[in-house]
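The values are calculated or read from the model by the stated rules, or taken from the named source; none is laboratory data. All values reported here derive from a predicted model rather than from experimental measurement. Methodologically, a virtual Cβ is constructed for each residue, glycine included, from the backbone with ideal geometry; neighbour enumeration extends over all protein chains shown. To get the accessible areas, we keep the full protein, side chains included, count just its heavy atoms, and leave off ligands, DNA and RNA. Shrake-Rupley method; radii C 1.70, N 1.55, O 1.52, S 1.80 Å.
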Amino acid sequence: MIIVLKQQATDIQKDRIRSFLKERGFKVKEIVGKEDTVIGAVGAKRIDIREVEILDGVASVIPISKPYKLASRELKKEDTIVQVGNVKIGGNRIAVMAGPCAVESRDQILSIAAKVREAGAVILRGGAFKPRTSPYSFQGLGEEGLKYLKEAGEKFGMPVTTEVVSTADVEMMKDYIDMYQIGARNMQNFELLKAVGHTGMPVLLKRGLCATIEEWLMAAEYLMANGTEQVVLCERGIRTFERATRNTLDCSAIPVVQKLTHLPVIGDPSHATGLRDMVAPMSLAIVASGASGLIVEVHDHPEKALSDGPQSLYPDQFEKLMRDIQALGPVVGKSLERIPRIIPASLGSSAPAASEEMMAGPLTIAFQGEFGAFSELAVRRVFDESSVALPCKKFSDVFESVMDGTAAYGVVPVENTLGGTINDTLDLLNSHPGIEVVGEQQVRIIHNLIALPGAEFEKITKVYSHPQGLAQCSEFLETQMPWAQAMPFFDTAGAVAFVKNQGDPTLAAIAGAPAAKCYSMEILREGIETNPRNYTRFYVISREERAAAFRSAAPVDRASLVFSVGDQPGALFAVLEILSKHGLNMKKLESRPIPGKPWEYSFFVETELGKDGAFEQALGQLKTACTSIRVLGTFTAAH
Ligand code: PEP
Ligand code: MN
């Protein structure tokens with residue numbers, strides 16, 4: 001059952017509630033949520049809930065209807081974020097685990113670890129104990145394999161996961177790995193689940209070959225009831241009548257499971273299909289289904305692999321897949337989980353330290369708008385849950401709070417696919433030489449019609465939003481609710497707050513879903529924008545001293561520059577020619593008037609960095625071709 005505490009419940013009252021429940025044989029667990037604090041009580045015994053309801057400090061008692069309790073979304077509404085080493089799984093991240101089916105030799109795992117890491121995988125996989133259909137097939141290297149796996153993980157800064165097949169190995173494996181994997185064949189090996197659960201360590205729980213979703217969640221419950229909270233579920237295909245693929249990937253299980261449990265769920269396209277050609281499209285399907293990650297088999301020479309060669313990707317196929325996942329991420333509101341980049345010179349010696357500060361303490365991140373704004377969503381995509389978002393009235397306030405150190409970073413929109421460049425941001429970058437662009441994030445803009453809870457669509461008379469929001473939904477407003485009046489407002493989330501404060505059920509606002517949630521308002525109509533291909537690109541900005549820490553989180557591949565040229569024929573052409581000669585692919589060119597100099601312009605360029613120091617070489621020449629030039633920053637393009 002779930003005991004919802006009164007907001008003003010004291011520590012003494014909470015202690016009394018806990019001891020009352022423990023005396024009656026319940027296991028108790030306190031969960032502090034954003035909205036309220038609850039105590040989950042799980043046990044075999046039955047109790048009249050009225051006995052709990054009358055305790056001091058209790059607001060209400062809700063029985064958990066599902067047979068799995070600790071794993072249930074009823075008990076914990078917010079997503080669980082599983083931490084494996086320095087990698088987080090869950091929430092709005094896509095964590096990709098990759099590596100060979102089995103560790104075959106030290107050289108093999110070291111070589112493939114380097115490649116999957118470079119492509120962007122964050123956890124290394126590799127089996128040391130292989131549950132094979134035939135007793136004559138390769139069974140894995142055992143403890144020796146674990147040693148090689150650990151060495152490769154440490155060398156490339158990746159946590160490692162591997163399958164445990166026997167209770168006898170659980171203790172021994174503990175020191176070699178960061179996450180246990182329970183294989184499909186062992187999903188209902190309850191003794192193994194208990195032993196692994198006891199370690200309290202993260203566990204990747206594969207779905208059994210013939211397991212229903214409920215059986216799978218009950219297996220997770222076994223792990224949790226025995227002591228671990230860190231469970232990641234993995235859909236890896238189920239056995240059906242269909243033999244064209246090794247198994248049948250059950251993508252629909254992903255959203256179903258996410259409704260039922262707070263635990264993250266990932267997908268395994270390799271075992272689900274058994275065929276290399278199917279792995280990339282099914283990986284994208286898994287991501288599109290809303291999964292928090294993937295586990296993919298990759299091998300340097302799949303044709304020589306000792307197990308699962310036909311389903312293993314070649315490294316270059318994996319690299320392409322990672323780029324595709326990165327592009328798909330923003331469509332489903334997620335981005336690839338990254339870990340600090342390894343600078344080749346530091347390989348094997350010291351771990352990269354630059355971004356440790358960024359990973360550790362709570363940071364303040366400034367954005368323009370009210371809570372619930374799309375800019376806040378961009379902040380949440382880039383930074384950890386622990387960071388604090390700081391709403392600012394104007395774009396210039398974002399820049400100022402970064403300059404004076406109130407905020408460590410700022411997130412500002414730079415371009416919208418329908419509305420074009422946000423000139424304010426370019427002008428502020430130009431006028432703040434102490435600020436650098438360090439990162440980029442894309443957010444898909446989905447507009448909703450939002451009103452007070454219980455408001456009726458037909459009775460809405462006025463719709464408030466930022467003029468861009470109103471314009472982007474004009475077709476809906478004109479055809480679906482021609483009687484309503486469009487009311488321009490200074491920002492979308494602010495319009496929701498305004499409607500809430502008015503308390504008038506005939507008013508509505510157009511804004512994103514986070515704004516509705518933030519102000520406890522109701523979405524009357526979802527996705528009302530005329531053109532769904534509506535994305536905004538944001539820059540992450542910081543002062544120079546923070547820039548290196550942020551950038552080390554991923555390889556940089558893009559630069560943003562601002563320059564001006566003399567007033568003579570061919571001046572701009574000369575600059576563009578330098579970019580072209582160095583093979584630099586220009587991604588954006590924009591001109592802005594220079595304040596105080598009528599009819600003179602600065603040019604903003606975004607360019608790829610090219611190969612073998614091409615950008616640095618070009619920069620040397622650009623300095624002579626321009627009257628002024630500044631690199632606004634280098635960053636990892638969101639693609
Ligand atoms: C594996 O990951 O190599 C494996 C054996 O997976 P599954 O248990 O899903 O078959
Ligand atoms: Mn395998």
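With (1) closer than 29 Å to GLU215 by Cα; (2) open to solvent by less than 10 Å² (accessible area, probe 1.4 Å); (3) within 14 Å of ligand 1 (Cβ to nearest atom); (4) in contact (Cβ under 8 Å) with a residue 60 or more places away in the chain as the list, and THR261 as the residue in question, which single condition is left unmet?
Of everything listed in (1) closer than 29 Å to GLU215 by Cα; (2) open to solvent by less than 10 Å² (accessible area, probe 1.4 Å); (3) within 14 Å of ligand 1 (Cβ to nearest atom); (4) in contact (Cβ under 8 Å) with a residue 60 or more places away in the chain, THR261 misses just condition (3).
Would you kindly identify the helices (runs of 4 or more DSSP H) lying entirely within region 151-253 that contain at least 1 residues that are outside the structural domain of LYS115 (by TED's automatic domain parsing)? Please lay out each step first, then the result.
Working: elements: 170-174, 190-199, 213-225.
It comes to none.
Select from region 125-140 the residues that are away from ligand 1 (no atom under 13 Å from the Cβ) and either under 26 Å from the mean Cα position of the chain (by Cα) or open to solvent by 50 Å² or more (accessible area, probe 1.4 Å) (or both) and list them in ascending order.
Taking region 125-140 as the starting set, the residues that turn out to be away from ligand 1 (no atom under 13 Å from the Cβ) are 134-136.
Within region 125-140, PRO135, TYR136 meet the criteria.
Which of the residues spanning region 84-113 are open to solvent by 10 Å² or more (accessible area, probe 1.4 Å) and modelled with pLDDT of 95 or more? Explain how you work it out, then say what you get.
If we filter region 84-113 for residues that are open to solvent by 10 Å² or more (accessible area, probe 1.4 Å), which is where we start, we get 85-86, 88, 91-93, 104-108, 110-111.
The answer is GLU104, SER105, ARG106, ASP107, GLN108, LEU110, SER111.
Each row is one residue, and each column tells you yes or no for (1) over 30 Å from VAL122 (Cβ atoms); (2) in contact with a Leu (Cβ under 7 Å, 6 or more places away or on another chain); (3) outside the structural domain of LEU223 (by TED's automatic domain parsing).
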site	(1), (2), (3)
ARG50	yes, no, yes
GLU53	yes, no, yes
ASP56	yes, no, yes
TYR68	no, yes, yes
ALA71	no, yes, yes
GLU74	yes, no, yes
VAL87	no, no, no
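Within region 200-220, can one find any residue that is touching a Gly at 6+ places or on another chain (Cβ under 6 Å), under 21 Å from LYS76 (Cβ atoms) and within 16 Å of ligand 1 (Cβ to nearest atom)?
Going through region 200-220, the residues touching a Gly at 6+ places or on another chain (Cβ under 6 Å) turn out to be 200, 206.
When the remaining residues are screened for being under 21 Å from LYS76 (Cβ atoms), the result is 200.
Cutting the leftovers down to within 16 Å of ligand 1 (Cβ to nearest atom) gives us none.
No, region 200-220 has no match at all.
So which of SER292, SER312 ends up being within 16 Å of ligand 1 (Cβ to nearest atom) and open to solvent by less than 10 Å² (accessible area, probe 1.4 Å)? Explain how you work it out, then say what you get.
Values: SER292 fails: within 16 Å of ligand 1 (Cβ to nearest atom).
That would be SER312, the only listed residue that is within 16 Å of ligand 1 (Cβ to nearest atom) and open to solvent by less than 10 Å² (accessible area, probe 1.4 Å).
How about region 262-308: which of its residues are within 15 Å of ligand 2 (Cβ to nearest atom), assigned to a helix (DSSP H, G or I) and β-branched (Val, Ile, Thr)?
Of everything in region 262-308, those that are within 15 Å of ligand 2 (Cβ to nearest atom), assigned to a helix (DSSP H, G or I) and β-branched (Val, Ile, Thr) turn out to be THR273, VAL279.
Among what's in region 230-249 and is without any contact (Cβ under 8 Å) to a residue 60 or more places away in the chain and closer than 24 Å to VAL84 by Cβ, pick the residue that is nearest to the chain's Cα centre (by Cα).
Residues of region 230-249 that are without any contact (Cβ under 8 Å) to a residue 60 or more places away in the chain, as a first pass: 233, 235-245, 247-249.
Cutting the leftovers down to closer than 24 Å to VAL84 by Cβ gives us 233, 235-237, 249.
On the way: LEU233: 16, GLU235: 18, ARG236: 21, GLY237: 23, LEU249: 23 Å.
Per the stated criteria, the residue is LEU233.
List the residue pairs whose Cβ atoms are under 8 Å apart, where the first residue sits in region 92-108 and is in contact (Cβ under 8 Å) with a residue 12 or more places away in the chain, the second is within 16 Å of ligand 2 (Cβ to nearest atom) and of a type in the set (Asp, Glu), and the two are 6 or more positions apart or on different chains.
From region 92-108, the pairs are ALA98/GLU297; GLY99/GLU297; PRO100/GLU297; CYS101/GLU297; CYS101/ASP308; ALA102/ASP308; GLN108/ASP300.
Restricting to region 403-431, give me the number of residues that are without any contact (Cβ under 8 Å) to a residue 60 or more places away in the chain, buried (at least 18 other Cβ atoms within 10 Å of the Cβ) and of a type outside the set (Gly, Ala, Ser).
2
Tell me the residue from LYS206, LYS194, LYS150 that is open to solvent by 30 Å² or more (accessible area, probe 1.4 Å) and either free of Cβ contacts under 8 Å to residues at least 12 places away in the same chain or in contact with a helix residue (DSSP H, G or I) (Cβ under 9 Å, 6 or more places away or on another chain) (or both), please. Break it down into steps so the answer makes sense when it comes.
Working: LYS206 fails: open to solvent by 30 Å² or more (accessible area, probe 1.4 Å); LYS150 fails: either free of Cβ contacts under 8 Å to residues at least 12 places away in the same chain or in contact with a helix residue (DSSP H, G or I) (Cβ under 9 Å, 6 or more places away or on another chain) (or both).
After applying the criteria, what remains is LYS194.
Can you find, within region 602-625, the residue that is surrounded by the fewest Cβ atoms within 10 Å (Cβ to Cβ) among those that are in contact (Cβ under 8 Å) with a residue 24 or more places away in the chain and out of contact with any Leu (no Cβ under 9 Å at 6 or more places or on another chain)? Break it down into steps so the answer makes sense when it comes.
So in region 602-625, the residues in contact (Cβ under 8 Å) with a residue 24 or more places away in the chain come out as 602-611, 614-615, 617-618, 621-622, 625.
Add one more test, that the residue is out of contact with any Leu (no Cβ under 9 Å at 6 or more places or on another chain), and what stays is 611, 617, 621, 625.
Details: LYS611: 10, GLN617: 15, GLN621: 16, ALA625: 19.
That would be LYS611.
Of the residues ARG132, ARG125, ARG93, which is away from ligand 2 (no atom under 16 Å from the Cβ), in the same structural domain as VAL332 (by TED's automatic domain parsing) and among the basic types (Lys, Arg)?
On the way: ARG132 fails: away from ligand 2 (no atom under 16 Å from the Cβ); ARG125 fails: away from ligand 2 (no atom under 16 Å from the Cβ).
Selected residue: ARG93, the only one of ARG132, ARG125, ARG93 that is away from ligand 2 (no atom under 16 Å from the Cβ), in the same structural domain as VAL332 (by TED's automatic domain parsing) and among the basic types (Lys, Arg).
Return the pairs, sorted by first residue and then second, in which the second residue is surrounded by 11 or more Cβ atoms within 10 Å (Cβ to Cβ), the first residue lies in region 28-51 and is among the charged types (D, E, K, R), the beta carbons are less than 6 Å apart, and the residues are 6+ apart or on different chains.
From residues that are among the charged types (D, E, K, R), the pairs are LYS29/GLY40; GLU30/ILE39; ASP36/VAL4; LYS45/GLY25.
Could you please tell me which pairs satisfy a Cβ distance under 7 Å, a separation of 6+ or placement on different chains, a first residue in region 124-137 that is modelled with pLDDT of 95 or more, and a second residue that is open to solvent by 40 Å² or more (accessible area, probe 1.4 Å) and more than 10 Å from ligand 1 (Cβ to nearest atom)?
ALA128/LEU141
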